[in-house]
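A.B. asks: Below is a structure I'd like to ask you about.
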Amino acid sequence: LANRCQTSLRNTSPIGQHISNASVINVILIRDLYNIRAAHRPSVVSIGNFDGVHLGHVRLISKLRERAQEIGVSATVMTFEPHPHEFFSPDNAPPRLLRWRDKIEKLEQAGVDQVFSLRFNRELAQTSAEDFVKRYLVDGLGIRHVVIGDDFRFGRKRTGDIHLLRKLGEQWGFDLSAVETCEIQGERVSSSRIRDALRVDDFDLAARLLGHPYRISGRVAHGDKRGRTIGFPTANIILRHDNVPVWGVYAVMVHSQGRPPWPGVANMGTRPTVGGERVFLESHLLDFSGSLYGERIEVEFQSKLRSERRFASFEALKVQITHDSESARAWFKKAQTR
């Protein structure tokens, strides 16, 4: 029972098993209520933030797909942008495990037909639980069935719960399934638990909870090319949000289409030595020749080497990068013998 979630989901989702450079997301994406069309209705719906799309989420989606297929309607996930915590307390919001696009892709990979991305704003925050169900689920998505976790809460001041949903379902003609908490090693699988694991650099635990190694993906952008001048060219991903769950220098595996996974060393941060302000994920692929500009890559975090810090000079930074690369090589060599 300790690993029942992981065992039951082992073969249900291809999440994290491939990378695509395609610019088109194939899942139907509905942006806010005014974009709902007749073709999007009716549906079976699950609601949540789905940050990380971890094993608990995939378990929920598995039940969602099952009920949708039984009824013969679309399997729809309703999620929110920004995360409600970011709206209410932007300075204290938990780090995002996934960029928005990555979340949509992973929901698609898990088998969702539609994603209803609802803008979380003051109007939505003040919507009562009853009005939320009527406006967005019943009138909006034509809900036939709702699949939720057993601890789900919603609506103004989080007054809505499973009992209210059952009552409203009887009133407005939809059914409900509650999915039990997913546990691994006797503890609940949750986005916060994954963040805690990443904060202490426990990438093995994070991978067990996610169902795959922790990765950040994005398209490689042109930078200032300083690394190239000192023999350490980097593949740079510019991050829109600076609230990320990893920060510092790491041994990584870089995944790109048409190539085997490649070992490297990556820095997540603002590059204080060169006066950086924007948050970059810079990955130097060890012994790699070629160009990755414009490609989408996934950077898989393996082990933290050190924290990011400012150096007295660019030359001192160069020396440290050499040490970091040597440390990464040593880590990968040791990992191969395990």
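The values are calculated or read from the model by the stated rules, or taken from the named source; none is laboratory data. Keep in mind that this is a model prediction, so the values were computed, not measured. Quick reminder, even Gly has a Cβ in these numbers, built from the backbone with ideal geometry, and neighbours come from all protein chains shown. SASA here: full protein model, heavy atoms, side chains in, ligands and nucleic acids out. Shrake-Rupley method; radii C 1.70, N 1.55, O 1.52, S 1.80 Å.
A.B. asks: Probe 1.4 Å, all protein chains in place: accessible area of TRP100 in Å², nearest 10?
C.D. replies: 60
A.B. asks: Right, next: Strictly over 32 Å apart at the Cα level, which of LYS106/LYS318; LYS63/LYS333; LYS63/LYS304; LYS63/LYS334; LYS63/LYS134 would you flag in this model? Kindly include the intermediate steps, with their values, before the conclusion.
C.D. replies: Numbers: LYS106/LYS318 37 Å; LYS63/LYS333 42 Å; LYS63/LYS304 36 Å; LYS63/LYS334 41 Å; LYS63/LYS134 23 Å.
Violating the 32 Å Cα-Cα cut-off are LYS106/LYS318; LYS63/LYS333; LYS63/LYS304; LYS63/LYS334.
A.B. asks: With a 1.4 Å probe and all protein chains left in place, how much of the accessible area of the chain comes from carbon and sulfur atoms, in whole percent? Don't skip to the end; give the middle numbers.
C.D. replies: Values: 7650 of 16400 Å².
Answer for the chain: carbon and sulfur cover 47 percent of the accessible area.
A.B. asks: What angle, in degrees between 0 and 90 and rounded to the nearest 10, separates the Cα long axis of helix 55-71 from the longest principal axis of the Cα atoms of the chain?
C.D. replies: Between helix and principal axis, roughly 40 degrees.
A.B. asks: Also, quick follow-up: For ASP204 paired with ASP287, estimate the spin-label separation in nm (one decimal), with each label point 7 Å from Cα along the Cα-to-Cβ line.
C.D. replies: Computed distance between label sites ASP204 and ASP287 equals 2.6 nm.
A.B. asks: Dipole of the range 39-86, Cα-centred, from +1 at each Lys and Arg C-beta and -1 at each Asp and Glu C-beta, to the nearest 20 debye? Write out the running numbers ahead of the final one.
C.D. replies: Details: 5 positive and 5 negative charges, 52 e Å.
I would put it at about 240 debye.
A.B. asks: Roughly how many Å is it from the Cα centre of the range 296-321 to that of the range 127-195, as a whole number?
C.D. replies: The two parts, judged by their Cα centres, are 43 Å apart.
A.B. asks: Same structure again: Where does the chain land on Rg(C-alpha)/(2.2 N^0.38 Å)? Walk me through the numbers before you get to the answer.
C.D. replies: Values: Rg = 21.7 Å, N = 338, 2.2 N^0.38 = 20.1 Å.
Normalised Rg, Cα atoms only: 1.08.
A.B. asks: Could you tell me which chymotrypsin sites (Phe, Trp or Tyr not before Pro) in the range 105-146 are loop residues by DSSP with no more than 15 other beta carbons within 10 angstrom of their beta carbon? Provide the component values of the computation, followed by the final result.
C.D. replies: Numbers: sites: PHE116, PHE120, PHE132, TYR136; in loops: PHE120.
When the chymotrypsin sites (Phe, Trp or Tyr not before Pro) of the range 105-146 are filtered for loop state and at most 15 Cβ neighbours within 10 Å, nothing remains.
A.B. asks: Here's a follow-up. Between ARG309 and ARG259, how high is the FRET efficiency from 1/(1 + (r/R0)^6) when r is the Cβ-Cβ distance and R₀ = 30 Å? Nearest 0.05. Each step should come with its number before you reach the end.
C.D. replies: On the way: r = 32 Å, r/R0 = 1.06.
Step by step, r from the Cβ atoms, then E = 0.40.
A.B. asks: On a full-extension model of 0.36 nm per residue, what is the gain between GLU123 and LEU239, subtracting their alpha-carbon distance, rounded to one decimal in nm?
C.D. replies: Details: separation 116, 0.36 × 116 = 41.76 nm, distance 2.82 nm.
Working it through step by step, the gained length comes to 38.9 nm.
A.B. asks: Springs between alpha-carbon atoms under 10 Å, Gaussian network over the chain: tell me which of LEU164, LEU60, LEU205 tops the mean-square fluctuations.
C.D. replies: Greatest mean-square fluctuation among the candidates belongs to LEU164.
A.B. asks: Using a 7 Å offset from the Cα along the Cα-to-Cβ direction at both LYS333 and ARG135, what is the distance between the two label points in nm, to one decimal?
C.D. replies: Rounded to a tenth, the inter-label distance reads 6.2 nm.
A.B. asks: Describe numerically, in nm with one decimal, the distance between label points set 7 Å from Cα along Cα→Cβ at THR181 and at ILE162.
C.D. replies: The answer from the label model is 1.1 nm.
A.B. asks: Whenever you get a sec, line up ILE36, ILE194 from highest to lowest accessible area (probe 1.4 Å, protein heavy atoms). Walk me through the intermediate numbers first.
C.D. replies: On the way: ILE36 30, ILE194 0 Å².
So, going from the largest accessible area down, we get ILE36, ILE194.
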